[in-house]
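> Quick one: the structure is below, and I'll ask about it shortly.
The values are calculated or read from the model by the stated rules, or taken from the named source; none is laboratory data. Being a predicted model, the structure only gives us computed values, none of them experimental. Note that we place each Cβ from the backbone using ideal geometry, even for glycine, and neighbour counts take in every protein chain shown.
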Amino acid sequence: MSSAPYPRLLRTPGAAAFFLTATVGRVGIAMTGLGIVWLVHGRTGSYTSAGLVSGGFAVAEALVGPQLARLIDHFGQTRVLPPLLLAHALAVATLLTLVAGDGPPGLMTVGGVLVGATIPQLGALSAARWVALLRERRPAELPSAFSLESLGNAVGYLAGPTLVSVLGANGHPALGTVLAAALVVTGGGALAAQHRTAPRPLTSPTGASTSAPVPGAAGRSRTRGSLLRPGFAALIGLNLAIGVYFGAVQVSVTAFAVEHHAATAAAPIFAASNCGGLLAGWLYGTRRWRTPPQTQLVVATSGLALACLLLLTAGSPLALGSVIVLTGATIPPVLVLLSVLAESTVHRAVLTQAFTWLNSAGAAGSAGAAALSGRAVDAFGARGGFALAAAGAAGMAVLAVGCWGRGVWGD
């Protein structure tokens, strides 16, 4: 085991450029939702209005994102990204104008919807480029590439919210939103300019089809660009379940810290969990695994489910932090394996859509769990929220075992 796979991957011609520029954009994406909360609350003083606008952003991002990915699969990243980024910049400017002009909450919510509907899913685009580079000649390196992607996402969601919170807390909420948009447009624009590593679109600039059947028996089963297949439906269910875990844990850890009169402990607990996840994701990607990914997924989800049971037994913030680090360490391998199975399940013509739908499913599960866990915490305390997180993890394990037993993703 060594870290050699990562330098080797980044030495692939064009790989470092698209990965780094996409990571810059991901920091901006991670800033946008929280930045809207700071922006609207800073102007109106109302968390209700801030929640409405940020909620509109999140719903639009989850629903419209896969449709934008469909356009990208058909016409290519380099053709769709430039007008999409222009639309996103205009949407952010519209929202800033509405907030600065003390517009009614309804109009500000429309502005949030426009921002969410135009934000590109740069992580999915970067993952699709790895597949285009490696699928034919170096397929065994795809898990390491997806591990690298998970590290890029983790860094983005560590740095982005921290940066926007610092700006908001120091009285510059609008600057946080502007900076988020600037990072998205800069990273996305640089990605669009890199033609060499972009996946081949389904249609050429002249409108002619560029798709070709994939050779071999496995290829023939994936020649139709449809996501309506049992293997992908199972992956959607797994991402929903892991979203439930995320949403429930975020609420429950905070509630647990408050219950134990240690509200300031919540931030170190989350930081420890994130650092543990980064380390686990790094280590996972440095090894060439011989065990089939569907079997690995059974092991990883079962480990997460068992670790979540320990959440119900934690009696102090220190004990909870130890368990959260343990559960957090199982998440990166699960996310990498879901990407690996998605790549092997769907046709390349719909790969960007597939990655985006998985992200949307996770976001939907997280949003729903955040609301449900809030009620569970009010009724039963923090352990009620942890019970919901454990239920989500158990659901993942049961679904993974069922799909493995039925051979949904092959042998």
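> Scan segment 229-280 for residues that are within 17 Å of Arg383 (Cβ to Cβ) and of a type outside the set (A, V, I, L, M) and report the count.
Residues that pass the stated criteria total 9.
> Would you call Leu175 assigned to a helix (DSSP H, G or I) and either outside the structural domain of Leu85 (by TED's automatic domain parsing) or without any contact (Cβ under 8 Å) to a residue 40 or more places away in the chain (or both)?
yes
> Which condition from (1) over 15 Å from the mean Cα position of the chain (by Cα); (2) buried (at least 20 other Cβ atoms within 10 Å of the Cβ); (3) at pLDDT 90 or above is the one that Pro66 breaks?
Going through (1) over 15 Å from the mean Cα position of the chain (by Cα); (2) buried (at least 20 other Cβ atoms within 10 Å of the Cβ); (3) at pLDDT 90 or above one by one, Pro66 breaks only (1).
> Being in contact with a Lys or Arg (Cβ under 6 Å, 6 or more places away or on another chain) and either crowded, with 21+ Cβ neighbours inside 10 Å or on the phi < 0 side of the Ramachandran plot (or both): is that true of Val99 here?
Answer is yes for this residue.
> Next question, about the same structure. Which residue pairs have Cβ atoms under 8 Å apart, sit 6 or more places apart or on different chains, and have a first residue in segment 22-35 that is without any contact (Cβ under 8 Å) to a residue 40 or more places away in the chain and a second that is assigned to a helix (DSSP H, G or I) and surrounded by fewer than 23 Cβ atoms within 10 Å (Cβ to Cβ)?
Once the first residue is without any contact (Cβ under 8 Å) to a residue 40 or more places away in the chain and sits in segment 22-35, its partners that are assigned to a helix (DSSP H, G or I) and surrounded by fewer than 23 Cβ atoms within 10 Å (Cβ to Cβ) give Gly33/Ala58.
> Only residues that are among the aliphatic types (A, V, I, L, M) and either out of contact with any helix residue (DSSP H, G or I) (no Cβ under 7 Å at 6 or more places or on another chain) or without any contact (Cβ under 8 Å) to a residue 40 or more places away in the chain (or both): list them for segment 159-172, please.
Within segment 159-172, Val166, Ala169 qualify.
> Among the candidates Gly56, Gly45, single out the residue that is buried (at least 18 other Cβ atoms within 10 Å of the Cβ) and of a type outside the set (A, V, I, L, M, F, W, C).
On inspection, the qualifying residue turns out to be Gly56.
> Follow-up. Quick one: would you say Gly76 is in contact with an Asp or Glu (Cβ under 9 Å, 6 or more places away or on another chain), buried (at least 21 other Cβ atoms within 10 Å of the Cβ) and either charged (D, E, K, R) or touching a residue at least 12 places away in the same chain (Cβ under 8 Å) (or both)?
no
> Test of understanding: among Ala364, Ala391, Ala369, which residue is within 20 Å of the chain's Cα centre (by Cα), assigned to a helix (DSSP H, G or I), of a type in the set (A, V, I, L, M) and surrounded by fewer than 23 Cβ atoms within 10 Å (Cβ to Cβ)?
Matching residue, one of Ala364, Ala391, Ala369: Ala364.
> Could you say which residue among Glu61, Glu136 is among the acidic types (Asp, Glu) and under 22 Å from Gly168 (Cβ atoms)?
Glu61
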